[in-house]
Amino acid sequence: MLIDSFGRQITYLRISLTTNCNLKCVYCMPPDGIPVAQSEELLSNDEIVSIVRSAAGEGLRRVRLTGGEPLLRKGLVSLVCELAAIQGIEEITMTTNAILLERMASSLAKAGLKRVNVSLDTLDAEKFRRITRGGCLDRVYKGITTAERAGLQPIKINTVVVRGMNDGELRDFANLSVDHSWNIRFIELMPFGNSKDWGAGFPPADQRYYSVQEMHKDLAAFNLQPADTPPGNGPARTFRIPGALGTVGFISPVGEHFCESCDRLRLTADGSLRPCLLNDNEVPVREILREGESVIPALHKSLACKPQAHALIEGNLPNLRRMVQIGG
Ligand code: SAM
Ligand code: SF4
């Protein structure tokens, strides 16, 4: 069993498949991007499968593929197929910007992918282009509708809320849950090396954080009712507009952290186990694998250095990697 020093059972692994991305969201990626990793620095598909197989033997049950942009990963469909076939793994899901989803949704669903979370921060095409530094909103919509038709449901929409960027759109996003069985999830901005200037039209660093309490106030008129948390909704606190098909959730890693129920581990694209998103402790596994040794001791070592809780309030910020290098 994968149990950490504080008695939390780890059943969920988030795997970053690449540090590459076809967007450059202002809060995630520096304007010039990040250096492209050499292919030998990245875990191969076989190495990823081998780690998941070992972890499944220790009680891992769910896997999420992320990035960078996971749809850019070569051999993705066959990787999903192999992961889905591992004994003990109950579901494979993905977090994506959906730019390439229209093209890939159907083959991914056939390979065994269960659901997708789509990251979308605005419903305005011009603002989307500015936030993502060049992205096309229409492709995201097409990706979402194609994924729905392919059965990758329920669709979750992840919206990072930033003051002065998209805090005026919360009601429009929440309204999407009325007629669509989508789970809209509002996420607080996390301090990941994004303190620099984002360019014209974006607020300065010290004004960007928008708390879940402020989000709740904005949505007060909707009379949100507590709802059961949909499958895989993890740390979101979930609500429903009365009569709506979908739900509205809030993820508050900064203001109301949920560390006591944390059930996850992360694997970076270059092969390090990262037990906490917001803490820089990591255990490298790539070389262990390449030397033909078992990764099970490293899995347990990573749990031994999983902190009880993050320490953002005390001012301990992660600074080893950008969010695009971990995968959220
Ligand atoms: N490219 C994929 C995508 O955008 O969905 C997967 C990787 S992305 C790093 C994973 C998630 O992290 C996205 O939902 C994104 O909005 C979120 N994210 C990135 N930087 C963030 C930050 N500083 N604070 C909060 N969420 C962030
Ligand atoms: Fe790329 Fe996702 Fe980061 Fe946007 S949030 S830059 S889509 S990795």
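Filtering segment 123-144 down to residues that are in contact with a Cys (Cβ under 9 Å, 6 or more places away or on another chain) and more than 12 Å from ligand 2 (Cβ to nearest atom), which residue is nearest to Asn20 (Cα to Cα)?
Among those that are in contact with a Cys (Cβ under 9 Å, 6 or more places away or on another chain) and more than 12 Å from ligand 2 (Cβ to nearest atom), it is Arg129.
Just checking, which of Arg240, Arg286, Arg208 is within 16 Å of ligand 1 (Cβ to nearest atom) and in contact with a strand residue (DSSP E or B) (Cβ under 8 Å, 6 or more places away or on another chain)?
Arg208
Looking only at residues in segment 17-67 that are under 30 Å from Ile131 (Cα atoms) and outside any loop (DSSP other than H, G, I, E, B), which one is modelled with the lowest pLDDT?
Ser39
Select from segment 130-166 the residues that are in contact with an Asp or Glu (Cβ under 7 Å, 6 or more places away or on another chain) and open to solvent by less than 40 Å² (accessible area, probe 1.4 Å) and write down the one among them that is farthest from ligand 1 (Cβ to nearest atom).
It comes out as Thr146.
Any chance you could count how many residues in segment 1-36 are among the polar types (S, T, N, Q) and more than 11 Å from ligand 1 (Cβ to nearest atom)?
3
Taking into account only those residues within segment 109-120 that are touching a strand residue (DSSP E or B) at 6+ places or on another chain (Cβ under 6 Å) and under 14 Å from Ile144 (Cβ atoms), which is surrounded by the most Cβ atoms within 10 Å (Cβ to Cβ)?
Val116
Mind checking which pairs have a first residue in segment 100-124 that is of a type in the set (Ser, Thr, Tyr) and a second that is open to solvent by 10 Å² or more (accessible area, probe 1.4 Å) and more than 16 Å from ligand 2 (Cβ to nearest atom), Cβ under 7 Å, 6 or more apart or different chains?
Correct list of pairs: Ser106/Ala150; Ser107/Val77; Thr122/Glu169.
In segment 85-117, what residues are part of a loop (DSSP other than H, G, I, E, B), within 10 Å of ligand 1 (Cβ to nearest atom) and closer than 14 Å to Leu65 by Cα?
Asn97, Ala98
Identify, please: which residue in segment 300-328 is open to solvent by less than 40 Å² (accessible area, probe 1.4 Å) and touching an Asp or Glu at 6+ places or on another chain (Cβ under 6 Å) and is, among those, nearest to ligand 1 (Cβ to nearest atom)?
Taking the candidates together, the pick is Pro318.
All but one of (1) open to solvent by 10 Å² or more (accessible area, probe 1.4 Å); (2) basic (Lys, Arg); (3) in contact (Cβ under 8 Å) with a residue 24 or more places away in the chain hold for Arg64; state the number of the condition that does not hold.
(1)
From the list Leu120, Leu76, Leu83, Leu113, which one is over 20 Å from Tyr27 (Cβ atoms) and within 16 Å of ligand 2 (Cβ to nearest atom)?
Leu76
Is there any pair with a first residue in segment 283-298 that is of a type in the set (A, V, I, L, M, F, W, C) and a second that is open to solvent by 70 Å² or more (accessible area, probe 1.4 Å) whose Cβ atoms are under 7 Å apart and which are 6 or more apart or on different chains, and what are they?
So the pair list comes out as Val283/Lys301.
For residues that are within 16 Å of the chain's Cα centre (by Cα) and more than 23 Å from Leu101 (Cβ to Cβ), tally how many sit in segment 15-53.
Matching residues across segment 15-53 total 0.
Take the residues of segment 6-32 that are touching a helix residue (DSSP H, G or I) at 6+ places or on another chain (Cβ under 6 Å) and among the polar types (S, T, N, Q): which is surrounded by the fewest Cβ atoms within 10 Å (Cβ to Cβ)?
Asn20
Being within 16 Å of ligand 2 (Cβ to nearest atom) and open to solvent by less than 50 Å² (accessible area, probe 1.4 Å) is the filter; apply it to segment 33-61 and report the residue that is nearest to Leu2 (Cα to Cα).
Looking at residues that are within 16 Å of ligand 2 (Cβ to nearest atom) and open to solvent by less than 50 Å² (accessible area, probe 1.4 Å), I get Leu42.
The values are calculated or read from the model by the stated rules, or taken from the named source; none is laboratory data. Remember, predicted model here, so these are calculated numbers, not experimental data. As a convention, Cβ positions derive from the backbone with ideal geometry for all residues, glycine included, and neighbour counts pool all protein chains shown. What goes into the accessible areas is simple: the full protein's heavy atoms, side chains included, and nothing from ligands, DNA or RNA. Shrake-Rupley method; radii C 1.70, N 1.55, O 1.52, S 1.80 Å.
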